[in-house]
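Contents: one structure, followed by commentary.
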Amino acid sequence: MGGGRLIAATALVAGIDEAGRGPLAGPVYAAAVILHPRRMPFGLDDSKRLTPAAREALVPEIEAAAQAHAVAWASPAEIDALNILQATLLAMRRAVLALKLTPTLAIVDGNRCPPGLPCAARAIVGGDGTEPAICAASVLAKVARDREMCRLDQAHPQYGFAQHKGYGTAEHLAALRAHGPCAIHRRSFAPVRALLGPAADGAPSPHAGLLR
């Protein structure tokens, strides 16, 4: 893992990160992890720098080393109603509230902290490459979302979700043009909305709504 710790070891620090802000389909996921300061999983890193196999192998290690961990999500319908940023913050808040322990501090990858947390919070740009608890959250969120997209692929096999996980690849865009959007597509995202045409006129604005 690159860089050094930005925050000294503190009791019950929860790392928070998300997975799936950019795809055209599927939920956005978030995870919260409180690591034990003396039980750090070996090989922990930003999930984007790990292979799928390495991420999968780390999941049981993180779960065994963590004092508490939780994964949550916001649905495609919530993404369309709230916009992707607000839906991501909602998923993050849900993950923190699902922890079996209440953290004293939440450290969040990025430049925004979700409102309504039961503790103080600090946003850290690039935290998924410097803070072990955020790295652990990054891995749990990414693996959980990838697994869900593989499950959704079975219900919607014509889109190839198991391969691209809902991102706007050439394969996915071609399937969208051939079959149109399905129930898990994000209708507020431009490539999907364009295919809906006039039928999308009554759809929620991508900027509508506030975080509940």
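Structure data summary
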{"quantity": "Filter pass, Ile134 being closer than 20 Å to Asp45 by Cβ and modelled with pLDDT of 95 or more", "calculated": "yes"}
{"quantity": "Hits in region 65-77 (condition: in a helix (DSSP H, G or I) and modelled with pLDDT of 95 or more)", "calculated": "Pro76, Ala77"}
{"quantity": "The listed residue being modelled with pLDDT under 85 and either assigned to a loop (DSSP other than H, G, I, E, B) or loosely packed, with under 15 Cβ neighbours inside 10 Å (or both), out of Pro198, Pro181", "calculated": "Pro198"}
{"quantity": "Single unsatisfied condition, Ala54 versus (1) within 12 Å of Lys142 (Cβ to Cβ); (2) in contact with a Ser or Thr (Cβ under 7 Å, 6 or more places away or on another chain); (3) surrounded by fewer than 24 Cβ atoms within 10 Å (Cβ to Cβ); (4) of a type outside the set (Val, Ile, Thr)", "calculated": "(2)"}
{"quantity": "Qualifying residues in region 113-131 (those that are in contact with a strand residue (DSSP E or B) (Cβ under 7 Å, 6 or more places away or on another chain) and assigned to a helix (DSSP H, G or I)) - the one modelled with the highest pLDDT", "calculated": "Gly127"}
{"quantity": "Residues (buried (at least 20 other Cβ atoms within 10 Å of the Cβ), among the hydrophobic types (A, V, I, L, M, F, W, C) and in a loop (DSSP other than H, G, I, E, B)) located in region 88-112", "calculated": "Leu99"}
{"quantity": "Meets criteria (assigned to a strand (DSSP E or B) and of a type in the set (A, V, I, L, M)) for Ala14", "calculated": "yes"}
{"quantity": "Cross-chain or 6+ apart pairs with Cβ under 7 Å, region 101-123 first and on the phi > 0 side of the Ramachandran plot, then modelled with pLDDT of 95 or more and surrounded by fewer than 14 Cβ atoms within 10 Å (Cβ to Cβ)", "calculated": "Gly110/Val125"}
{"quantity": "Leading residue by the ranking (nearest to the chain's Cα centre (by Cα)) among those in region 20-39 that are in a loop (DSSP other than H, G, I, E, B) and modelled with pLDDT of 95 or more", "calculated": "Gly20"}
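The values are calculated or read from the model by the stated rules, or taken from the named source; none is laboratory data. What you see is a predicted model, and the numbers here were worked out from it, not measured in a lab. Cβ coordinates were reconstructed from backbone atoms using ideal geometry, including for glycine residues, and neighbour counts include every protein chain displayed.
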